[in-house]
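Chemist: Next up is a structure, given as structure tokens.
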Amino acid sequence: MQGQSQQQAYDRGITIFSPDGRLYQVEYAREAVKRGTASVGIRTPDGVVLAADRQVSSSLMEPSSVEKIHKADDHVGIASAGHVADARQLVDLARRRAQGEQLRYGQTIGVETLTRAVTDHIQEYTQTGGARPFGVALLVGGIDDGEPRLFETDPSGTDYEWQAAAIGSNRNEIQEFLEENYRPDADLDAGIELALRALGSADDDPVSAENVDLATIDTEDETFQTVSQERLESIVAEIDQPEEESDE
């Protein structure tokens, strides 16, 4: 009983470490990320793929109003998992930082530099009294001088670079699927297919084009582009076709 009351005392303040070196509020923020729908990032030699599971809670809701993938700059995209409002704040910060770089220095911001600016901001909210950590994780993908880059941000303010990564619900299952199926030499189309397969790997139901957001940033023109609903439907149909044939 005494141990439980001590834990409750430590998790009330974001600026207080527990005796075993934990910040409970940061851990709770990670739990908020796990409750969010999944997002996946794939890095290929031809570019970066960002895909997100976009669940619409009602048939009366406009699907386009549910945003999981955002354009941060012409060459950078961001996918989120966790609290949508927190993600929006961090995306706006990334956009301002990217625009500031262009105005001050006349050049595009590096993907790693932009990610570090976001994680520095996130980290401040792990040591500031009267505030709470951001309950969201981000996948930041883009092109640096022709080289694809993919980073993940954590509610603690830490960033990691990945070849392929998943955030949100069912992360462990999706990450395991990516580890088994990722190929470093895959082209952009193969990366798109892998991202869609990965999103569907943790569910009994196959992935649906209506419930997915997908964007790419390719190395040729270094431009963020969303994939249209029509193309998504054709890709999903091609993914399902071999399974249907094998069942016959």
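The values are calculated or read from the model by the stated rules, or taken from the named source; none is laboratory data. Just so we're clear, the structure is a prediction, and the values are computed from it rather than from any experiment. Here the Cβ positions follow ideal geometry from the backbone for every residue, glycine too, while neighbour counts run over all protein chains shown. Accessible surface is based on the protein model in full, side chains and every heavy atom, while ligands, DNA and RNA are left aside. Shrake-Rupley method; radii C 1.70, N 1.55, O 1.52, S 1.80 Å.
Chemist: Would you work out the relative contact order for region 68-180, in percent, from Cα pairs under 8 angstrom that are 6 or more residues apart?
Modeler: Once normalised by length, the contact order is 25 percent.
Chemist: Let me ask something additional. Of the listed values [x] 48, 38, 35; [y] 56, 44, 38; [z] 62, 51, 39, grab the one calculated as Cα extents along the principal axes in Å from the structure here.
Modeler: [z]
Chemist: Sort Val84, Val140 by heavy-atom solvent-accessible area, probe 1.4 angstrom, most to least.
Modeler: Result of the area sort, largest leading: Val84, Val140.
Chemist: Here's a follow-up. With every protein chain in place, what's the accessible area of Arg30 (1.4 Å probe, Å², nearest 10)?
Modeler: 90 Å²
Chemist: Tell me, what ³J(HN,Hα) does each residue in region 174-188 have, in order and in whole Hz, if you take phi through Karplus 6.51 cos²θ - 1.76 cosθ + 1.60 with θ = phi - 60° and put x for Gly and Pro?
Modeler: Karplus-based 3J(HN,Hα) across region 174-188 equals 5, 5, 5, 4, 5, 4, 7, 10, 6, 10, x, 9, 5, 7, 5 Hz.
Chemist: Just the accessible area for Leu103, please: 1.4 Å probe, Å², rounded to the nearest 10?
Modeler: About 150 Å², ignoring ligands and nucleic acids.
Chemist: Ignoring ligands and nucleic acids, what accessible area does Arg22 show with a 1.4 Å probe (Å², nearest 10)?
Modeler: Rounded to the nearest 10, that gives 90 Å².
Chemist: Right, another one. Of Ala98, Phe151, Leu188, which is farthest towards the positive pole of the chain's charge dipole, taken about the Cα centre with +1 and -1 on the beta-carbons of Lys, Arg and Asp, Glu respectively?
Modeler: Ala98
Chemist: What are the residues whose amide H is under 5 Å from the amide H of Gly47, where those residues sit 5 or more places off or on another chain and H is modelled from the backbone?
Modeler: When sequence neighbours closer than 5 places are left aside, the close amide H contacts are Thr219.
Chemist: Could you work out how much longer the chain between Asp11 and Val84 gets when fully extended? Use 0.36 nm per residue separation minus the Cα distance between them, nm to one decimal.
Modeler: Contour length minus the Cα-Cα distance gives 23.9 nm.
Chemist: Between Ser228 and Thr158, what is the label-to-label distance in nm when each label sits 7 Å out along the Cα-to-Cβ direction?
Modeler: For Ser228 paired with Thr158, the spin-label model returns 4.3 nm.
Chemist: Would you mind working out the accessible area per residue for the chain, using a 1.4 Å probe, and quoting it in Å²?
Modeler: Accessible surface, normalised per residue, equals 53 Å².
Chemist: Leaving ligands and nucleic acids out of the surface, order His83, His70, His121 by accessible area at 1.4 Å, largest first.
Modeler: Largest accessible area first, the residues go His83, His121, His70.
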